[in-house]
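What follows draws every value from the coordinates through simple rules; no lab data is involved. Computed from a predicted model, the values in this text were never measured in an experiment. No Cβ is skipped: glycine too gets one built from the backbone with ideal geometry, and neighbour counts run over all protein chains shown.
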Amino acid sequence: MASSVLEATRAAHEDIERLERLVVRELQRDPANARDRLFQSHRVRHMLDLVISTSDKLVEIYEDKDGARKDEISSHLTAPVQSDIFPKYYERLKEIRDYHRRNHSARFISETDDYEELLKEEPAIEFTGEEAFGRYLDLHELYNEFINSKFGSLMEYSAYVGTFAQTEKILHSLKATRQYKEYLEHILEYLMSFMYRTEPLQDIDKIFTKLQSEFEEQWANGEVPGWENKGTEKKSESQESAVDLDYYNIVEELVELGPEKLKEALTARGLKGGGTVQQRAERLFLLKHTPLEQLDRKHFAKGDDLKKEIALVEVKMKRLCEILDEVIVRTKENAEKKLTLTYEEMEAEREEEEVQADSESDDEDQQIYNPLKLPMGWDGKPIPYWLYKLHGLGQEFKCEICGNHSYWGRRDYERHFKEWRHQHGMRCLGIPNTKNFNEITSIEEAKALWERIQAKQGLNKWRPDLEEEYEDKDGNIYNKKTYTDLQRQGLI
């Protein structure tokens, strides 16, 4: 109930505590399958949003901008006259009864039931058919936008899925355009939407806040990946085309430098270089009495701001691609698989997925019987035993280079040599991760093989002193060292 400010405060604290308990209870429950896990995450996210909104209301109450809370507290602390105690008591009791008579839903039991319903509701999450309930990305619109743009090129959809995050392959002259910026913003918008739908508990705003602070420092030092030395180039240009303003006292003296010299000086400082000679000189003369950082933004060129905005969107997009790396790999594999299927086979596969999705809701309440402890498939059910034996998933392979990480089955073991964990381990050892080191999991074996390769490369290296051949006028063949010695002695 909220018949008073103090009662509203108490009720808000009670709601927050009840929501926190429901969140803990929901997270302690093991979801039956991937769909149930996604619904669970969305329910928890909804309850956390309620906690945040209720906490915001509490902050407004405690700020007490209208003074209502202070007046109510003072009225309770003021000692009433003995004759006024009971009239005030019954007056207060009448207010409470009237409030409950008007608001039948404001009861502890009904509120508890309302919150319990949060654990039973099924969130409405919209996915396209291509996304298959969050298993794959749907990049077809972005793919069409890419191949029809000036900076894009013709390629298959499966190739685009694997390379759309590799923006360093695009020329800088094509990047600094509004069209490219809009394209990046569309990618970022879609990836954020996909993240909100598939990983609702991921705090994207927190990730971007930390990323932006790191970006500002890297941009100032010219260390942003794909945009290296853009800041340092500007500094070096400024030094080369520097105009010492201490030697100039009036604008007319700067005019004598000429339009090209003035334009170079303005461009090196990031200012606009257009206009007449008089306008350029006046713009440059502003720096004599005003620091560059305090200068009005209208004097700066817009090209650098656009490049910085594009670089920031690129960094954000790549960060989301790192988080969604597994989904991108699945999407590429699915796109390549579809190239080998006929239309009838694709339709049959889609119908099978729909039937499995419909049957999941019926099986959610049933406990999964898995006495052999078989691995779970993508549908949240144990894989068939024959498939388990076929792939040898009972065999454990340990890799010392990966930090004694275990891989189950020959397929995962062979695939891991190209994955990030093994590549990171090889990089820490200072050894290139080439095909020569496949099937090598021991650190000592990898180091010994690398030493042998280096020694062998030293023997096979071409040595011109011994292997380069020379012929004298008589047709005799010598190597370079012998020929040079004989020539110095005058024998040839």
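What is the gain in length, in nm to one decimal, between residue 65 and residue 163 on full extension, counting 0.36 nm per residue of separation less the C-alpha to C-alpha distance? Mind dumping the intermediate values first?
Values: separation 98, 0.36 × 98 = 35.28 nm, distance 5.43 nm.
Full extension of this stretch gives 29.8 nm more.
I'd like the chymotrypsin sites (Phe, Trp or Tyr not before Pro) in the stretch 375-414 restricted to DSSP loop residues with at most 15 other Cβ atoms within 10 Å, sorted by number.
Here the chymotrypsin sites (Phe, Trp or Tyr not before Pro) that fit, given the DSSP loop and packing criteria, are 378.
About its Cα centre, how strong a charge dipole does the stretch 383-457 have in debye, to the nearest 20, once Lys and Arg get +1 and Asp and Glu get -1 at the Cβ? Please report the intermediate quantities before stating the final value.
Numbers: 12 positive and 9 negative charges, 46 e Å.
That gives the stretch 383-457 a dipole magnitude of about 220 debye.
In percent, how large is the relative contact order of the stretch 6-63, given Cα pairs closer than 8 Å and 6 or more residues apart?
52 percent.
Please say if the stretch 383-457 is rounded, prolate or oblate, where rounded means a/c under 1.5 for a ≥ b ≥ c the square roots of the C-alpha gyration tensor eigenvalues, and otherwise the choice is prolate for a/b larger than b/c and oblate otherwise? Present the calculation step by step, with values, prior to reporting the outcome.
Working: a/c = 2.89, a/b = 2.45, b/c = 1.18.
The shape class here is prolate.
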Report summary line: The long-range amide H neighbours of residue 405, using H built 1.01 Å from N in the peptide plane and a cut-off of under 5 Å, are 399
Query raised in the report: Short version: ³J(HN,Hα) in whole Hz for each residue of the stretch 164-175, in order, from phi by Karplus 6.51 cos²θ - 1.76 cosθ + 1.60 (θ = phi - 60°), x for Gly and Pro, what are they?
Result: 5, 8, 8, 6, 5, 6, 8, 5, 5, 5, 8, 6
Report summary line: Diffing the stretch 252-264: the Karplus 3J(HN,Hα) column from phi (6.51, -1.76, 1.60, θ = phi - 60°), in whole Hz with x for Gly and Pro, holds 4, 5, 6, 4, 5, 5, x, x, 5, 5, 5, 5, 4
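Please give the length that would be gained between residue 414 and residue 121 if that part of the chain were fully extended, namely 0.36 nm times their separation in residues minus their C-alpha to C-alpha distance (nm, one decimal). Mind dumping the intermediate values first?
On the way: separation 293, 0.36 × 293 = 105.48 nm, distance 4.32 nm.
Roughly 101.2 nm would be gained on extension.
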